[in-house]
Amino acid sequence: MKKYTLVVAITCILLLLISCDDTKKQSYTHQTEIENERTVYTNNNHPGKKLMETLCYACHNPSASHDARIAPPMVAIKSHYLNDDMTKKEFGEAIWNFIKKPSKEKTKMRGAVRRFGVMPYQQFSQKDIELIADYMYEFKIEEPEWFKEHIQEKGHENMKYRNDGKKAHSESNQDEKKQTPAERGMDYALTTKKELAKNLLGTIQKKGTLEAVSFCNKKAYPLTDSIATAQNATIKRVSDKPRNPGNQATEKELKIIAHFKEAVAENTTYTPVTEIENGNVHFYAPITTNTMCLQCHGSPEKDINPNVLSKLLQLYPNDKATGYGVNEVRGIWSITFEE
């Protein structure tokens, strides 16, 4: 359990840089509204799909190998929590009951808890979790290639393989729509996030927390640049209080950071800022902190482990990126690409 807690805690190094509060305070529909609008949702456009990829895949990524993963894939959660006679509402309530206050006593995945420990508490919205559960219930979700065979060969307590639902390949091509500039910008951000996560978490598993801090210091820029080159875009993570001086926000970016800070402080709905100028799209989305991030960006006196703090100060002698609380804007994505 201690190992998993440290692993997830250091994930804040990644999340604080790249999570960009991917929920964007979106005002999604309630469960009853989901039911009324079910006919318009497909495997590709259901909002729960994007939320699952955004909120869950840092730890529950289906592309992680069996031995390198730090948490069970989402299909394992579906298989444990979905029973033959369970309604969609019951399925969503069962998942939310655990997520709102994770504990060993409440889990239905005792094998996962023995291996990875109890999932640390995170400040998720009930509406977002309901949408993720709604998507999982209605559709066949992405799963690791090894998962089904692994379950059938090994057998896992009272769980049986479940990945019911509509399949993506049965959808009409009419469902595939051209992405808006804002959607493209967010996809570039999430692609970068996924690649950084894969490499960072691999380092954590093999070499530990302090080495992961060094990894971010040495490899975050090259990895981001390689993804930017592949996407033919410029991808930056900037802040008004940077850890690395190279991440200092420009005057314009400082104004956008201030805009997001005001929205977060007032708990109002906000979306990424997207501007088009001379055929180029400029995309900005917030990076916010959660409880895990405080272990690297909270108060040095109470939140940050002395060993981690010492390493950070060694690598970043002019570090300004501490003193944050939960759900504060740490910085923004600043991405530019052709329209």
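The values are calculated or read from the model by the stated rules, or taken from the named source; none is laboratory data. Quantities reported herein were computed from a predicted structural model and do not represent experimental measurements. Don't worry about glycine lacking a Cβ; one is built from the backbone with ideal geometry, like all the others, and counts go over all protein chains shown.
One residue stands out among those in region 64-78 that are in contact with a His (Cβ under 8 Å, 6 or more places away or on another chain) and in a helix (DSSP H, G or I): the one that is surrounded by the fewest Cβ atoms within 10 Å (Cβ to Cβ), which is I77.
Every test in (1) surrounded by fewer than 19 Cβ atoms within 10 Å (Cβ to Cβ); (2) modelled with pLDDT of 85 or more is passed by Y28 save one, and that test is (2). Would you confirm, using the coordinates I've provided, whether A133 is in contact with a Gly (Cβ under 6 Å, 6 or more places away or on another chain), outside the structural domain of L190 (by TED's automatic domain parsing) and in contact (Cβ under 8 Å) with a residue 60 or more places away in the chain? Yes.
Just one of the listed residues (A58, A94, A68, A64) is among the hydrophobic types (A, V, I, L, M, F, W, C) and modelled with pLDDT of 85 or more, namely A94.
To keep it simple, each residue is scored yes or no on (1) under 28 Å from N232 (Cβ atoms); (2) in contact with a Cys (Cβ under 9 Å, 6 or more places away or on another chain); (3) at pLDDT below 80; (4) not assigned by TED's automatic domain parsing to the domain that holds A285.
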site: H156; (1), (2), (3), (4): no, no, yes, yes
site: M159; (1), (2), (3), (4): no, no, yes, yes
site: D164; (1), (2), (3), (4): no, no, no, yes
site: G185; (1), (2), (3), (4): yes, no, no, no
site: K193; (1), (2), (3), (4): yes, yes, yes, no
site: L200; (1), (2), (3), (4): yes, yes, yes, no
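Considering Q152, Q179, Q174, the condition of being at pLDDT below 90, in a loop (DSSP other than H, G, I, E, B) and not hydroxyl-bearing (S, T, Y) is satisfied by Q179 alone. Scanning region 238-257 for residues that are touching a residue at least 60 places away in the same chain (Cβ under 8 Å), over 26 Å from F215 (Cα atoms) and among the acidic types (D, E) yields one hit, E253. Contact annotation: residue pairs with Cβ atoms under 6 Å, 6 or more positions apart or on different chains, pairing a residue in region 141-169 that is exposed (fewer than 14 other Cβ atoms within 10 Å of the Cβ) and hydrophobic (A, V, I, L, M, F, W, C) with a partner that is modelled with pLDDT under 85 and in a loop (DSSP other than H, G, I, E, B), are W146/H66.
Filter region 79-127 down to residues that are in a loop (DSSP other than H, G, I, E, B) and basic (K, R) and give me whichever is farthest from C293 (Cα to Cα). Selected residue: K108. Residue pairs whose Cβ atoms lie under 6 Å apart, sitting 6 or more positions apart in sequence or on different chains, and linking a residue in region 75-99 that is more than 12 Å from D134 (Cα to Cα) and touching a residue at least 60 places away in the same chain (Cβ under 8 Å) to a partner that is outside any helix (DSSP H, G or I) and among the charged types (D, E, K, R), are V75/E143; S79/R162; H80/K108. Selection of region 273-327 for residues being in a loop (DSSP other than H, G, I, E, B), surrounded by 14 or more Cβ atoms within 10 Å (Cβ to Cβ) and either on the phi > 0 side of the Ramachandran plot or over 23 Å from the mean Cα position of the chain (by Cα) (or both) yields P300, N305, Y316, D319, K320, G323, N327. Report whether or not M86 is closer than 20 Å to Q126 by Cα, assigned by TED's automatic domain parsing to the domain that holds W146 and either in contact with a Leu (Cβ under 7 Å, 6 or more places away or on another chain) or surrounded by fewer than 19 Cβ atoms within 10 Å (Cβ to Cβ) (or both). Yes: the conditions hold for M86.
Among all positions in region 114-128, there is no residue which is surrounded by fewer than 17 Cβ atoms within 10 Å (Cβ to Cβ), modelled with pLDDT of 90 or more and either in contact with a His (Cβ under 6 Å, 6 or more places away or on another chain) or among the β-branched types (V, I, T) (or both).
Taken over region 243-258, the residue count meeting the criterion of being in contact with a strand residue (DSSP E or B) (Cβ under 8 Å, 6 or more places away or on another chain), of a type outside the set (S, T, Y) and modelled with pLDDT of 95 or more is 5. Is it the case that I335 is assigned to a strand (DSSP E or B) and either among the aromatic types (F, W, Y) or exposed (fewer than 13 other Cβ atoms within 10 Å of the Cβ) (or both)? No. Checked across region 284-296, the condition of being over 21 Å from Q122 (Cα atoms) and assigned by TED's automatic domain parsing to the domain that holds G331 holds for at least one residue.
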